[in-house]
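Here's the structure, in structure tokens; my notes come after.
The values are calculated or read from the model by the stated rules, or taken from the named source; none is laboratory data. None of these values were measured; they are calculated from a predicted model. Positions of Cβ are generated from backbone atoms using ideal geometry, with glycine treated the same way; all protein chains shown enter the neighbour counts. Surface accessibility is based on the protein's heavy atoms, side chains included, excluding ligands, DNA and RNA. Shrake-Rupley method; radii C 1.70, N 1.55, O 1.52, S 1.80 Å.
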Amino acid sequence: MKKTKIIASIVALTCTMGVLSAKPKATSPVSGKLSVWTFTDELEGMVNDSFKPTHPNVQVETSITQTADFPTRLDAAIAGAEECPDVIALEVAFVRKYVESGDLLPLDDVYAEIKKDLAEYPVKIGSANGHVYALSWQVCPGAMFYRRSLAKKYLGTDDPKKVQSFFSDPDKFLETAKLIKEKSFGKCYIVSTSDDLFNVYKGSRTQPWVADGQVVVDPAMSKYMEVCKILHEQEMCGNHGQWSQEWFAGMKGTLQNEDGEDKEVFCTFLPTWGINFVLKTNAPETSGDWAMIQGPAAYSWGGTWIGVYKGTKNPAAAKEMVKYFVSDPDFLTSYAGKTGDVVSSLKVQAKVKGKYKEAYLKGQNHYKEFCDMAKNVNGNLVQGTDQVVEALFSEEVWKYINEGKAKKDAIKDFKDKATETLGL
């Protein structure tokens, strides 16, 4: 997810942190010029507010391109259409493309200095062929957010530990969805959209989409198809998509089905940024009625990595920028306090995670929970072709759920289309 200037509106978070922003101190000896390309103004703010004051001898020029257009511009620059940037922001949807491309400078020396302090899964995503090419200052593990009032009504408790026992794995999730339908007499959906489960099941895979030169449908994704079908056929979820008005209506408690009947929605699945950028923004009136658990599987969603172009004229300053954003304790402590983001530095996590008390979650310490969840995310399965492959898979899942296409035919057509598209 692209973060925008909405960050400015959440500086005063509703958590009790006790972490104050300190004025950055200039300490770095590097100098010269750097060009930074990014798809989010978040990185621009980090450069202007933190890197420049601490690195006064480095002149930094930042350029922002919309996420959808960013890879096209970067590819053209690499091909010689314009001068390449020194430092490059990379979204999770396309970070592996460039990590695997050979166009980035290895950051092995930077990583060697700070590896003991970094969360594991972002490093794995930023690594290929025995080298580290991109690092991230954040982790974005996902969680299951549920309405406390509905949990009390249908499960008899809103305590996160007890509610987790109802959703401890994919089979328990489906079992509890059926229980909630029964107890609510069909009034309560488990989720607004079955799309919410995609990242969850993807996170529980043991195989990537492409293995040994062949397109693979991991058993977890096969199970995902079946669960989506059951949820739709038994009317345990809405027939909508993520980011639709109905999806947001489910969070607000104002969802209606196709017949205009009011429907409750028990839960939604979101990562770290989901609290501030989705729930609080779109359903402020439900504050205090939410809680967070891991749910049926560990997963991640989103994130930004930074890499260095292999042809940079100032590798020392470029590497220093990466190292600073990923590991500097003063910057990361201030950043965590301002944004609520979960940082990838284990040292800073340990320093700040006990200081949160999120009012939107009725006092739950979500930061600590997310730090623990990040440990279970598998960073080995992300590939540069995921975005293309997953779009093709979703098309066939839709046909299976809504158009009566046989599952085996949907899987076969997906594999055939993905194989052709990837040229395998």
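Summary of values
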item: All positions within the stretch 226-241 that are at pLDDT 95 or above and not basic (Lys, Arg); result: Glu226, Val227, Cys228, Ile230, Leu231, His232, Glu233, Gln234, Glu235, Met236, Cys237
item: Lone qualifier among Glu113, Glu42 - being open to solvent by 20 Å² or more (accessible area, probe 1.4 Å) and closer than 30 Å to Glu369 by Cα; result: Glu113
item: Out of Val348, Val397, Val377, sole residue that is in contact with a Cys (Cβ under 7 Å, 6 or more places away or on another chain) and either under 21 Å from Met144 (Cα atoms) or not in a loop (DSSP other than H, G, I, E, B) (or both); result: Val397
item: Evaluation of Phe94 against (1) surrounded by fewer than 22 Cβ atoms within 10 Å (Cβ to Cβ); (2) in contact (Cβ under 8 Å) with a residue 12 or more places away in the chain; (3) out of contact with any helix residue (DSSP H, G or I) (no Cβ under 6 Å at 6 or more places or on another chain) (one fails), failing number; result: (3)
item: Residue match in the stretch 307-317 (condition: in a helix (DSSP H, G or I), open to solvent by less than 20 Å² (accessible area, probe 1.4 Å) and farther than 30 Å from Asn57 by Cβ); result: no
item: Single residue of Asp409, Asp372 found to be closer than 20 Å to Gly203 by Cα, open to solvent by 10 Å² or more (accessible area, probe 1.4 Å), free of Cβ contacts under 8 Å to residues at least 12 places away in the same chain and not in a loop (DSSP other than H, G, I, E, B); result: Asp372
item: Members of the stretch 271-293 found to be in contact with a helix residue (DSSP H, G or I) (Cβ under 8 Å, 6 or more places away or on another chain) and open to solvent by 50 Å² or more (accessible area, probe 1.4 Å), listed by number; result: Thr281, Glu285, Ser287
item: Members of the stretch 292-331 found to be at positive phi and of a type in the set (Ser, Thr, Tyr), listed by number; result: none
item: Pairs with Cβ under 6 Å, 6+ apart, first in the stretch 185-213 and among the acidic types (Asp, Glu), second open to solvent by less than 40 Å² (accessible area, probe 1.4 Å) and part of a strand (DSSP E or B); result: Asp196/Thr268; Asp196/Phe269
item: For Thr304: the one exception among (1) surrounded by fewer than 21 Cβ atoms within 10 Å (Cβ to Cβ); (2) of a type outside the set (Asp, Glu); (3) closer than 22 Å to Leu43 by Cβ; result: (1)
item: Hits in the stretch 125-143 (condition: in a loop (DSSP other than H, G, I, E, B) and open to solvent by 10 Å² or more (accessible area, probe 1.4 Å)); result: Asn129, Gly130, Tyr133
item: Selection count where residues are assigned to a loop (DSSP other than H, G, I, E, B) and open to solvent by less than 20 Å² (accessible area, probe 1.4 Å), scope the stretch 233-270; result: 3
item: Where Gln256 falls short, out of the listed (1) in contact (Cβ under 8 Å) with a residue 24 or more places away in the chain; (2) more than 24 Å from Glu175 (Cβ to Cβ); result: (1)
